[in-house]
Ligand SMILES: *Cc1c(COP(=O)(O)O)cnc(C)c1O
């Protein structure tokens, strides 16, 4: 068996230690005589798995007591609707930052439920390569909440700060940056993330919601889309994604073993710096994003000659460096270097890029 370095943007690589543990526990979890996949979500075994995963996530992110941690389904894309359904009722209005492809989708969905004020729009000539300066960001007085995407997965654009929205709840789509470094949860009203980038397998969605934002859903909100339903039932209103929840729990333990979010953050910053330095130090590769807001997680880059893209991908694949093709809307390459990508994987990519430039540049 050979495992490759998988630079996929999502579903993404998982830590090998986690996969091995899941493999060892696959047929018989801790003497239960069955796989976690086969267990009742209401049995004491799964309840212990679920409780431990939540406790570990709370510890990692230092989630204050007045926040619920919800284990949901439907992906971040369902949250694009759940957020306005649950939060917009207070004024019927919300502010959104438009900084890339995912925030565009969040805006399109929110418009079904109220007046959406796009207070930040960073699109220039069809491209997103910047975020606003900290003091450029204002808040509408009547906004029920402010929504932004701290890391735009497709464009590789990331906020290096948390916007200050005063008393207005700040909502963040952290799908591609959650657990990548320490975060002050108390600055947010709501944080959400699909699991398939930094948490676990696809099918699980995490929402960290401040208590006062729960129980305010607009009339007609289906039970499954109401945070109150899930908060009251400890995310067991219906059958939760049990196996994803279990694997997320293994990943949380793995992140703790890396030194928690502080340790993870140091590793991630080193990985990103290494790759951007290699790109900037070459005449052959280019990253279009303003250096002040380059993502630690998703690094898009182009080759000096796009005619060489196919050859680059072919040779990279042969060298065990997979899924480097850029998003169709941006072109070129994209290396997603989430938590589970080891430093050795980034080094292998840089070595390959250097050699490719030498032979094709
Ligand atoms: C991947 C991603 C999404 C979409 O997530 P789904 O779980 O597929 O709905 C949304 N937002 C961001 C920032 C993402 O990276």
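The values are calculated or read from the model by the stated rules, or taken from the named source; none is laboratory data. Computed from a prediction, not measured in an experiment: that's the story for all the values here. Using ideal geometry, Cβ is built from the backbone for each residue, glycine included, and neighbour counts are taken over all protein chains shown.
Key figures
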{"quantity": "Selection count where residues are in contact with a strand residue (DSSP E or B) (Cβ under 8 Å, 6 or more places away or on another chain) and within 16 Å of the ligand (Cβ to nearest atom), scope the range 189-228", "calculated": "14"}
{"quantity": "The range 88-106, residues that are in contact with a helix residue (DSSP H, G or I) (Cβ under 9 Å, 6 or more places away or on another chain), away from the ligand (no atom under 12 Å from the Cβ) and part of a helix (DSSP H, G or I)", "calculated": "88"}
{"quantity": "Selection status of residue 35, under 20 Å from residue 256 (Cα atoms) and more than 22 Å from the chain's Cα centre (by Cα)", "calculated": "no"}
{"quantity": "Qualifying residues in the range 1-30 (those that are away from the ligand (no atom under 16 Å from the Cβ) and crowded, with 18+ Cβ neighbours inside 10 Å) - the one farthest from residue 333 (Cα to Cα)", "calculated": "29"}
{"quantity": "Search result, residues across the range 93-115 that are closer than 18 Å to residue 225 by Cβ and in contact with a strand residue (DSSP E or B) (Cβ under 7 Å, 6 or more places away or on another chain)", "calculated": "94, 106, 110, 114"}
{"quantity": "Qualifying residue in the range 282-293 (condition: crowded, with 16+ Cβ neighbours inside 10 Å, part of a helix (DSSP H, G or I) and assigned by TED's automatic domain parsing to the domain that holds residue 99)", "calculated": "no"}
{"quantity": "Single residue of 53, 12, 76, 81 found to be part of a loop (DSSP other than H, G, I, E, B), under 19 Å from the mean Cα position of the chain (by Cα) and either in contact (Cβ under 8 Å) with a residue 24 or more places away in the chain or in the same structural domain as residue 245 (by TED's automatic domain parsing) (or both)", "calculated": "12"}
{"quantity": "Residue count, the range 20-29 (criterion: in contact with a helix residue (DSSP H, G or I) (Cβ under 9 Å, 6 or more places away or on another chain) and assigned to a helix (DSSP H, G or I))", "calculated": "2"}
{"quantity": "Residue 37 in contact with a helix residue (DSSP H, G or I) (Cβ under 8 Å, 6 or more places away or on another chain), in the same structural domain as residue 109 (by TED's automatic domain parsing), within 16 Å of the ligand (Cβ to nearest atom) and not in a strand (DSSP E or B)", "calculated": "no"}
{"quantity": "Contacts under 8 angstrom Cβ, first residue in the range 159-171 being more than 9 Å from residue 145 (Cα to Cα) and in the same structural domain as residue 129 (by TED's automatic domain parsing), partner in a loop (DSSP other than H, G, I, E, B) and at pLDDT below 95, 6 or more apart", "calculated": "163/137; 164/137"}
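Okay, residues lined up against (1) modelled with pLDDT under 95; (2) within 23 Å of residue 203 (Cα to Cα); (3) within 16 Å of the ligand (Cβ to nearest atom); (4) crowded, with 18+ Cβ neighbours inside 10 Å:
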{"site": "32", "(1), (2), (3), (4)": "no, no, no, no"}
{"site": "48", "(1), (2), (3), (4)": "no, yes, no, no"}
{"site": "76", "(1), (2), (3), (4)": "no, yes, yes, yes"}
{"site": "86", "(1), (2), (3), (4)": "no, yes, no, yes"}
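So that you can scan it fast, the table gives a plain yes or no per residue for (1) outside any loop (DSSP other than H, G, I, E, B); (2) within 17 Å of residue 286 (Cα to Cα):
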{"site": "300", "(1), (2)": "yes, yes"}
{"site": "307", "(1), (2)": "yes, yes"}
{"site": "314", "(1), (2)": "yes, no"}
{"site": "330", "(1), (2)": "no, yes"}
{"site": "338", "(1), (2)": "no, no"}
{"site": "341", "(1), (2)": "no, no"}
{"site": "344", "(1), (2)": "yes, no"}
{"site": "350", "(1), (2)": "yes, yes"}
{"site": "356", "(1), (2)": "yes, yes"}
